[in-house]
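Note sheet for the following structure.
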Amino acid sequence: MGPLLLKVLLLPLVGASVSGNGRDLEWNARNVEHLFNRAAFGATPSEVQAALASTPEAVVERLMTVSRPLEPTQLELIRWEDFNLDPRGVPVDDSKSKYKGVPREQVREKVTLLRQTDRAQFLEYADRYFDSMLRGDAPVLDHAALFWHGFFTTSFTVVVRKFEIIRQHEFVRANSLGSFRDLLQGIVRDPGMLQYLDNNTNVKGHANENLARELMELYSLGEGHYTEVDVREAARALTGAWADPEGRFQFQTENHDDGEKQILGHTGKFAGKELVDILLEQDACPRWVALKLLTYYEGVPPTEARLADYAAFLRANDYRIDAFLKRLFLDPDFYREEVLDARVQGPIEFLIGMCHKLSLTPPRNFVFAATARLGQCFYDPPTVKGWDGGETWITNASLLGRGNVAGVLVGALDDTAASNDAMTAQDDDVGASTRDIAVAQLKRSTHTRDWKSTLDVAGELARVGARTDDQAIDYLLSAWLSIEPPAELHALLAEHLVRVREEAHLGSRPLADGGADVDHVLRRLAYIVFSLPEAQLN
Amino acid sequence: MTSRLVFDRRNFLVGGTALLGGCAAASGPKPHAANAAREIPAASNNDDRVLVLIELGGGNDGLNTIVPWADDAYWKLRPTVNVPKETLLSLDDYCGFNPLLARTREQWNDGRLAIVRGVGYPKPVYSHFKSFEIWHTAREQGRPSGDGWIGRLRNTHWKDDPRAELVVHVGTQVPYSVHSSQFQTVAYASPESFQWAGDAIAQRTYVEAANAMESATSHTGRDAMRARLGATLAAAQRLSPRVLQSTLEYQTKIEYPTDDLGRSLRCVAGMIDARFGGRVYSIHHGNFDTHAMQQEPQSRLLESFDKGLGAFLTDLKGRSQEPNVLVMVISEFGRRASENASKGTDHGAAGPVYFFGAPVRGGFYGKHPSLVELDENANLVHNVDFRSLYATVLERWFGADSLQVLPGRYETLPILA
């Protein structure tokens with residue numbers, strides 16, 4: 001047996017416990033990891049150790065603390081007319097263009113340049129957000145912001161300029177652990193949302209119901225808790241709420257229908273704020289929010305009793321999300337068997353969690369590009385409902401894709417011709433194998449062509465004293481997977497290593513001793529493990 | 001305008017009873033008692049049938065694709081963004097093909113192209129994203145939700161066959177139309193990408209892991225989820241070599257263009273030839289959003305379309321699957337009737353939909369939209385709801401009950417022979 005850490009890992013671990021709902025929260029390694037999985041972006045073995053030495057309350061408190069705020073963004077506001085667009089995103093006629101008289105080629109170049117700036121700003125912002133996740137600067141906040149991004153969706157395919165998108169995310173993230181009241185009030189005044197759901201065309205006498213409908217169906221009540229008349233009347237209340245060309249909210253009195261409206265049993269000359277107040281008063285509203293939060297964090301829909309309990313809590317606590325999550329994270333029922341290890345991670349969670357576990361720093365724009373390939377393009381959800389999530393993240397293609405992205409991250413795919421010649425070769429290059437082409441395409445699209453993985457598994461095995469293959473597999477499965485490793489997987493990898501040792505003539509040399517040949521073996525092992533269904537779960 | 005005679009060219013040529021069908025279609029929607037549902041062949045006959053669904057993304061300008069040269073209004077609406085009359089490939093005494101559609105015109109001459117004119121939906125939406133949502137889900141106005149129409153076809157009619165390969169999308173942008181909350185699809189950007197890149201020794205472990213899990217007996221919580229994901233992994237491992245083989249090793253004498261559409265169509269041809277098992281093959285051909293200086297980009301796109309699809313149809317010719325392949329070409333909207341000041345056209349409403357293939361009864365369907373009586377946004381007014389065409393495909397091609405898939409009963413058109 002090796003040094004302390006491995007010993008500790010292989011022992012049943014129990015720390016303090018918290019009681020609640022008549023049961024105690026058992027503070028063991030599995031539950032600690034579960035908390036980190038769901039509240040943050042997974043845990044390393046040493047994080048689990050440290051947490052076990054502390055109390056659940058203290059750990060939750062620390063995860064909920066923002067240790068380093070996101071750097072403020074200096075955004076260049078590119079004006080619509082500079083894009084040669086009107087505020088609806090429609091190209092303007094030459095006669096009205098600010099580029100009137102400028103040769104067409106020059107205009108095109110200028111607009112293309114601005115588009116690149118626009119996109120670069122967005123990618124830079126996304127990286128800062130992902131970096132915060134990777135460093136663990138504000139784990140619960142950043143994870144909650146990811147949840148809210150799926151809840152209040154907006155897409156850059158509709159909101160053409162990224163300025164409003166970035167500002168929306170800043171707003172949502174800042175309020176992710178605040179009161180849902182502020183989130184909902186803010187989102188109906190959010191310029192990105194107003195554009196996304198057509199509220200700029202929602203004017204007195206010509207109501208556009210898009211925002212009103214989603215506000216009720218997706219953002220506050222859920223289907224069945226309002227009528228078509230409520231939608232129509234709510235749309236009237238939202239008339240005049242406008243996203244101005246400067247990317248700011250503006251209330252246009254002249255376009256607002258200031259007549260009386262009847263909404264959900266209330267009558268009055270309502271505008272957006274009063275409408276949202278009415279929605280927040282409905283019993284359906286805390287239930288809707290609690291349903292979405294519980295389903296996301298637990299990975300299974302709640303029972304009626306659990307939903308009612310948490311909805312009541314949310315309402316009694318002025319919709320405070322921090323209070324809600326704190327209660328959930330310390331609730332022994334959050335650690336029930338049905339919930340543990342049975343949730344499919346979204347692509348962003350998967351990649352951030354993997355980098356965190358392996359101490360890898362991916363290159364710029366990698367997380368955005370890779371997760372877009374895997375079905376979760378940041379700010380481009382498939383529909384206004386966001387992502388269905390859960391099991392639907394996994395398709396035959398996305399499962400193959402997740403594995404290959406992991407393979408690039410652990411440096412297991414650098415050994416092909418693809419890493420060199422095929423990189424520049426065309427897709428139909430005769431010399432390259434289809435595998436080389438696939439790897440070249442993947443690296444090109446994820447900005448990893450000139451990137452080298454710093455993964456050092458042998459070093460870690462040496463550090464924890466894993467000398468035999470069995471010990472190595474035990475340690476690595478425990479460190480790499482977010483779930484409790486299934487026994488049959490251990491056996492499978494043991495057989496794999498037997499074959500590999502033979503192939504590479506490794507004899508009985510401990511993997512912890514390292515070397516180029518062992519390094520290759522371990523990278524390939526990581527590639528296999530992160531490609532398996534077990535690695536998609538948490 | 002409205003009195004313009006719209007003959008179904010092919011039916012006109014073949015005469016007889018077919019003429020009635022053509023005229024009935026051309027004279028616009030009318031109730032039909034002895035309708036399509038009765039004509040549906042037995043379901044087993046439909047199992048081999050394939051729909052190739054091509055989207056022209058961005059909104060193709062129908063008026064410069066099938067050009068209504070004989071209409072004075074066209075020249076008034078399009079003083080500069082027009083296709084000169086002398087260059088057109090003749091079609092009839094009202095319109096002609098854009099000159100870049102030579103192969104498309106051959107299909108027309110062979111009676112293998114049905115053009116449905118003036119297709120759209122009520123209260124047009126001018127956002128690409130939202131208009132596509134409507135086309136993809138086939139839902140009424142309001143928020144489109146739920147599965148795509150092809151997805152619902154699977155959920156309701158093909159639910160006994162859960163294999164992912166029933167619906168295939170080739171290309172990056174998977175359209176929501178194929179989305180099913182119950183069944184997976186096979187979707188790949190490039191065929192090469194549909195593989196796990198591990199070497200042989202890693203592959204062996206990878207496959208063993210999937211097989212081990214698939215047979216997991218436990219069915220609660222984590223292990224139930226593992227078993228289901230394991231099944232997906234096993235399916236991916238089963239499909240991967242089939243995708244690679246059927247596409248990359250496909251042998252054909254026909255030369256396809258090397259652009260995205262050409263490559264995608266070549267993949268589809270290969271998969272059909274290899275009897276991959278797809279019943280729907282979807283392709284998205286983008287960039288038709290021609291707001292400024294439209295002539296050059298639209299020409300390029302139409303040429304790409306014509307060459308790509310031309311190669312595909314030629315390739316298919318004489319193959320045993322030929323009678324089983326129907327190609328449908330849609331776009332999320334047409335373009336504004338009048339050109340804009342940037343020598344382009346803005347987002348519009350109604351536009352044509354095309355059906356290609358041996359099973360097609362060639363000719364015109366639907367009335368050409370008036371170029372004079374436009375809607376309040378100066379757009380062409382649709383005569384045929386796109387859901388009629390979906391109903392046609394569902395009932396007359398797949399033998400399905402369109403009511404289970406679409407939000408209502410829509411009249412079918414006799415576009416199939």
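Quick check: is even one residue across region A:97-108 β-branched (Val, Ile, Thr), within 11 Å of chain B (Cβ to nearest Cβ), surrounded by 13 or more Cβ atoms within 10 Å (Cβ to Cβ) and in contact with a strand residue (DSSP E or B) (Cβ under 9 Å, 6 or more places away or on another chain)?
Restricting attention to region A:97-108, the residues satisfying the condition of being β-branched (Val, Ile, Thr) are A:102, A:107.
Adding the requirement that they be within 11 Å of chain B (Cβ to nearest Cβ) leaves A:107.
Now restrict to residues that are surrounded by 13 or more Cβ atoms within 10 Å (Cβ to Cβ): A:107.
With the extra rule that they be in contact with a strand residue (DSSP E or B) (Cβ under 9 Å, 6 or more places away or on another chain), the set shrinks to none.
No, that holds for no residue.
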Checklist line | Of residues in region A:251-295 being in a helix (DSSP H, G or I) and in contact with a strand residue (DSSP E or B) (Cβ under 7 Å, 6 or more places away or on another chain), the one surrounded by the most Cβ atoms within 10 Å (Cβ to Cβ) | finding: A:LEU275
Note to self: B:LEU166 - would you say it is away from every other protein chain (no Cβ under 11 Å) and closer than 16 Å to B:VAL268 by Cα?
What the structure shows: yes
Note to self: As an exercise: evaluate B:ALA274 against (1) surrounded by fewer than 18 Cβ atoms within 10 Å (Cβ to Cβ); (2) more than 23 Å from B:ALA102 (Cα to Cα); (3) touching a residue at least 40 places away in the same chain (Cβ under 8 Å) and give the number of the one condition it does not meet.
What the structure shows: (3)
Checklist line | Complete set of residues in region A:454-503 that are surrounded by fewer than 21 Cβ atoms within 10 Å (Cβ to Cβ), part of a loop (DSSP other than H, G, I, E, B) and more than 9 Å from chain B (Cβ to nearest Cβ) | finding: A:THR454, A:LEU455, A:ASP456, A:GLY465, A:ARG467, A:THR468, A:PRO485
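For region B:122-134, give me each residue that is away from chain A (no Cβ under 13 Å) and surrounded by 21 or more Cβ atoms within 10 Å (Cβ to Cβ).
Taking region B:122-134 first, the residues away from chain A (no Cβ under 13 Å) are B:122, B:124.
Within region B:122-134, B:PRO124 is the sole residue that qualifies.
Does region B:152-168 contain any residue that is closer than 16 Å to A:THR383 by Cα, surrounded by fewer than 23 Cβ atoms within 10 Å (Cβ to Cβ) and of a type in the set (S, T, N, Q)? Show your work before the answer.
Filtering region B:152-168 for residues closer than 16 Å to A:THR383 by Cα gives none.
Among the residues of region B:152-168, not one is closer than 16 Å to A:THR383 by Cα, surrounded by fewer than 23 Cβ atoms within 10 Å (Cβ to Cβ) and of a type in the set (S, T, N, Q), which makes the answer no.
Looking at region B:99-112, which of the residues that are in a helix (DSSP H, G or I) and touching a strand residue (DSSP E or B) at 6+ places or on another chain (Cβ under 7 Å) is farthest from the other protein chains (Cβ to nearest Cβ)?
Kept after step one, since they are in a helix (DSSP H, G or I), are these residues of region B:99-112: B:102-109.
Remaining after also requiring touching a strand residue (DSSP E or B) at 6+ places or on another chain (Cβ under 7 Å): B:102, B:104-105, B:107.
Numbers: B:ALA102: 26, B:THR104: 26, B:ARG105: 30, B:GLN107: 28 Å.
That would be B:ARG105.
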Notebook entry, point to check: Just one of the numbered conditions (1) under 29 Å from A:ALA234 (Cβ atoms); (2) free of Cβ contacts under 8 Å to residues at least 40 places away in the same chain; (3) touching a Gly at 6+ places or on another chain (Cβ under 7 Å) is not true of A:ALA284; which one?
Noted result: (2)
Check: Counting just the residues of region A:71-96 that are in contact with a Leu (Cβ under 8 Å, 6 or more places away or on another chain) and of a type outside the set (Phe, Trp, Tyr), which one comes out surrounded by the fewest Cβ atoms within 10 Å (Cβ to Cβ)?
Finding: A:ASP82
Check: Out of all the residues in region B:246-269, which are at pLDDT 95 or above, within 14 Å of chain A (Cβ to nearest Cβ), under 21 Å from the mean Cα position of the chain (by Cα) and part of a helix (DSSP H, G or I)?
Finding: B:THR247, B:GLY262, B:ARG263, B:SER264, B:ARG266, B:CYS267
Check: Do we find that B:ALA337 is among the small types (Gly, Ala, Ser) and surrounded by fewer than 19 Cβ atoms within 10 Å (Cβ to Cβ) in this structure?
Finding: no
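Which members of region A:324-340 meet the condition of being outside any helix (DSSP H, G or I) and within 14 Å of chain B (Cβ to nearest Cβ)? Let's see the steps before the verdict.
Step one: of region A:324-340, the residues outside any helix (DSSP H, G or I) are A:330-331, A:336-340.
Passing the criteria: A:ARG336, A:GLU337, A:GLU338, A:VAL339, A:LEU340.
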Next item on the list: Find the residue count for region A:58-86, including only residues that are away from chain B (no Cβ under 14 Å) and either in contact with a strand residue (DSSP E or B) (Cβ under 7 Å, 6 or more places away or on another chain) or in a loop (DSSP other than H, G, I, E, B) (or both).
Entry: 16
Item checked: Top-ranked residue of region A:213-225 - restricted to ones that are buried (at least 20 other Cβ atoms within 10 Å of the Cβ) and touching an Asp or Glu at 6+ places or on another chain (Cβ under 8 Å), ranked as nearest to the other protein chains (Cβ to nearest Cβ) -> A:GLU217
Check: Among B:PRO352, B:PRO359, which is the only one that is within 29 Å of B:ASP259 (Cα to Cα), modelled with pLDDT of 95 or more and surrounded by fewer than 23 Cβ atoms within 10 Å (Cβ to Cβ)?
Finding: B:PRO359
Check: List the pairs whose first member sits in region B:249-260 and is within 15 Å of B:LEU309 (Cα to Cα), whose second member is at pLDDT below 95, and whose Cβ atoms are under 7 Å apart, counting only residues at least 6 apart or on separate chains?
Finding: B:ASP260/B:GLY171
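The values are calculated or read from the model by the stated rules, or taken from the named source; none is laboratory data. This structure is a prediction, so every number in the text was calculated from the model and none was measured. Note that each Cβ is placed from the backbone with ideal geometry, even for glycine, and that neighbours are counted across all protein chains shown.
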